[in-house]
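**Q** This structure is in structure tokens; I'll ask about it shortly.
Each reported figure results from applying straightforward, stated rules to the coordinates on display, with no laboratory input. Here the structure is a predicted model, which means the values were calculated and not measured. Here Cβ is always computed from backbone atoms with ideal geometry, including for glycine, and neighbour counts include all displayed protein chains.
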Amino acid sequence: AQSVTQLGSHVSVSEGALVLLRCNYSSSVPPYLFWYVQYPNQGLQLLLKYTSAATLVKGINGFEAEFKKSETSFHLTKPSAHMSDAAEYFCAVSVYTTSYGKLTFGQGTILTVHP
Amino acid sequence: DAGVIQSPRHEVTEMGQEVTLRCKPISGHDYLFWYRQTMMRGLELLIYFNNNVPIDDSGMPEDRFSAKMPNASFSTLKIQPSEPRDSAVYFCATTRTSGTGELFFGEGSRLTVL
């Protein structure tokens, strides 16, 4: 079975600083990986996805993530944080070959951005 | 295009009452998932359907929970009788076989059981 670990339930950065949200996954077969963002009282919105093509994936709002198989990681980064980035972020993994669409989510990381 | 539509957005009920949550998937999406989100447990998959057929209901907490998908345009999640520990946000999410498996989420139904 696959699993996801997000390191750090809370991350705080200053506006303009680098954002780094960590995600490590476990999967016995090549996975698909996703990052979602959730704003208060809203559903989850897809930020970006890795589906076995390019290992560096660019998403919306200036975010990107790099798939590193050797480290089983899929960390999310953004060069310069904006106040509007404050939200909760979820990393998710799926094994598309055996359970298409069935995502397993990490516990989430709340990002706070200080002025 | 309309996204995943859930209703009601908020529901407050008393313990023992029946609760029905509804979901309208994106047109053309053949997978539908019900998730529950709580502070303690995060996002938990309850059940999912493919072409209206339940595929995996191993996440349904107990017999008080049931889900149906009578057609491609509608699904319900029912709790009978409800208990305070069922208080959570329930999300419906859908995807299509021809995509890459990313889920499209509704806005959620926030349930409070008193």
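**Q** Mind jotting down the three principal axis lengths of the protein assembly as shown based on Cα atoms? Whole angstrom, largest first.
**A** Computed over the Cα atoms, the extents are 49, 40, 34 Å.
**Q** Okay, moving on. Give or take rounding to whole Å, what are the principal axis extents of the alpha carbon atoms in the range B:47-110, in descending order?
**A** Here the spans come out as 39, 22, 20 Å, largest first.
**Q** Kindly provide log₁₀ I(q)/I(0) values, in the same order as q = 0.17 Å⁻¹, from the Debye equation applied to equal alpha-carbon scatterers of chain B.
**A** Here log10 of I(q) over I(0) equals -0.75.
**Q** While we're on this one: Rounded to the nearest 0.05, what FRET efficiency do B:Asn50 and B:Met15 give with R0 = 22 Å and r taken as the Cβ-Cβ distance? Could you check?
**A** Working from the Cβ atoms, E equals 0.05.
**Q** How big is the dipole moment of the protein assembly as shown about its Cα centre under a simple scheme where the beta carbon of each Lys and Arg is +1, that of each Asp and Glu is -1, and everything else is neutral? Debye, nearest 20, please.
**A** Dipole about the Cα centre, nearest 20: 300 debye.
**Q** Can you flag which of A:Lys68/B:Lys24; A:Lys102/B:Lys68; A:Lys58/A:Lys102; A:Lys69/B:Lys24 are past 26 Å Cα-Cα?
**A** Over 26 Å Cα-Cα: A:Lys68/B:Lys24; A:Lys69/B:Lys24.
**Q** How far apart, in nanometres, would the label points at A:Asn41 and B:Phe74 be if each is projected 7 angstrom from Cα along the Cα-to-Cβ direction?
**A** 2.9 nm
**Q** For A:Ile60 and A:Met83, calculate 0.36 nm times their separation in residues minus their Cα-Cα distance, and state this gained length in nm to one decimal.
**A** Extending this stretch completely gives an extra 6.7 nm.
**Q** A further question follows. Magnitude of the Cβ-charge dipole of chain A, K/R +1 and D/E -1, about the Cα centre, nearest 20 debye?
**A** Rounded to the nearest 20 debye, it is 280 debye.
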